[in-house]
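See below for the structure under consideration.
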Amino acid sequence: MPSRNEPAPTTNSAPDGDVRRLSRRGLLRITAGATVTVPAAALTGCGLFDRDPDTPPAPDPLAPLLAGALDLAARHEAAAAARPELADRLAPIAQAHRAHAAELARVIGAAAATPTATAGPTSAGPGGADDVRGMLADLRAAERAGQAAAVQACRAAPAARAALLGSIAAARATHLEVLT
Amino acid sequence: MTEALAAALAAEHAAIFAYGPIGVQLDDAAQKQARAAEAAHRARRDTLVVLLAGEGATPAPAEPGYALPFPVTDRATALRLATAIEERTAAVWRAALPATTGAERAQSLDALTDCAVRATRWRRLAGTAPATVPFPGRAG
């Protein structure tokens, strides 16, 4: 295995054996240059690349909760767009889910969360009171599932994440209250 | 953990006290809600007393009286205080989450959630919009 501390290979020294004229710095440069040409496969036994670069890091346990927050936000936004008379109630809830997603992305260390296409209740067109009731029932079901997921995450979380997850779980319970 | 739960007990004592002056300013329906809230805080208090005693701590008794943050003279100030009490109790239970694990973490989360839901109910009764906050129990 090549090492920067080993003497330069003799092939790099002058043929007349005048190796002493090469400074130590020069030796290091030469050796470093030689290292680059070594096939990567030769290095796998050196501990430099213990992790297979093709294997992505394990996903954060909060990744599903982040996706869920974005989905909930999208559902409320779609419902508010379809029924503007509900916007006053739904917009603050959607904003809360966006705020949750931002905080989750921050603690996960993920890239800024972007809205994703979701299977929101986009089929709800203009209709009567029954549609509104059905839409609110769908939102309640989604919030209830999201709340249960946040409760599980909070219970299983390390101390550093427990308070944030507790607030998210509690917030989702209050959303149910407003959607009733 | 004991310290966080002792803080929760102190907050529950104060909440129970506050619902006295709150209740007398409310009409029947809201008064019923205040009584239910007070009962919930008493139940949390009793659980905490048992829990702390079980850990060898001496649960602090309630103070003889508590200074209210503002005078409660009518329905509006009563609803405002009820909301503030629930927000404050929520904050104390939230602070207990990192300090606890297992059953006590679950219990603290239940308490935080109940306080947050009650705060939302009081805001709705008061006509406060929005009736929810993004991070119940978190300052700011």
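Kindly state, to the nearest 0.05, the FRET efficiency for A:ALA141 paired with B:GLU63, given R0 = 56 Å and r defined as their beta-carbon distance.
Details: r = 44 Å, r/R0 = 0.79.
Once the sixth-power term is evaluated, E becomes 0.80.
In chain B, if every C-alpha pair distance is counted and binned at 10 Å from zero, what percent goes to each bin?
It works out to 12, 44, 33, 10, 1, in whole percents.
Between 0 and 90 degrees, rounded to the nearest ten: what's the tilt of helix B:2-23 against the longest Cα principal axis of chain B?
Compared with the principal axis, the helix lies near 20 degrees.
Mind checking the per residue accessible area of the stretch B:76-140 for me, 1.4 Å probe, whole number of Å²?
Ligands and nucleic acids excluded, the result is 38 Å² per residue.
Report, to the nearest whole %, how much of the accessible area of chain B belongs to carbon and sulfur atoms, 1.4 Å probe, protein only. Spell out each step's value before the answer.
Details: 3750 of 6520 Å².
With neighbouring chains kept in place, the figure for chain B is 57 percent.
Compute accessible area for the stretch B:109-140 by itself and then with all protein chains, 1.4 Å probe, and report residues whose area falls by 40 Å² or more.
Residues of the stretch B:109-140 that lose at least 40 Å² of accessible area once the other chains are added: B:LEU109, B:THR113, B:VAL117, B:ARG124, B:THR132, B:PRO134, B:PHE135, B:PRO136.
Which angle from 0 to 90°, rounded to the nearest 10, does the C-alpha axis of helix B:102-126 make with the longest principal axis of chain B?
It is inclined by approximately 10 degrees.
Given a Förster radius of 22 Å and the C-beta distance between A:ALA91 and A:ALA129 as r, what FRET efficiency does 1/(1 + (r/R0)^6) yield to the nearest 0.05?
On the way: r = 21 Å, r/R0 = 0.94.
Plugging the Cβ-Cβ distance into 1/(1 + (r/R0)^6) gives 0.60.
How much accessible area is lost when chains A and B come together, counting both sides, with a 1.4 Å probe, in Å² rounded to the nearest 100? Please list the in-between numbers first.
On the way: alone 11300 and 7500 Å², together 16880 Å².
Between A and B, the summed buried area is about 1900 Å².
The values are calculated or read from the model by the stated rules, or taken from the named source; none is laboratory data. The shown structure was predicted, so the numbers you read here are calculated from the model rather than taken from an experiment. Don't worry about glycine lacking a Cβ; one is built from the backbone with ideal geometry, like all the others, and counts go over all protein chains shown. Ligands, DNA and RNA are excluded from the accessible area calculation, which covers all protein heavy atoms including side chains. Shrake-Rupley method; radii C 1.70, N 1.55, O 1.52, S 1.80 Å.
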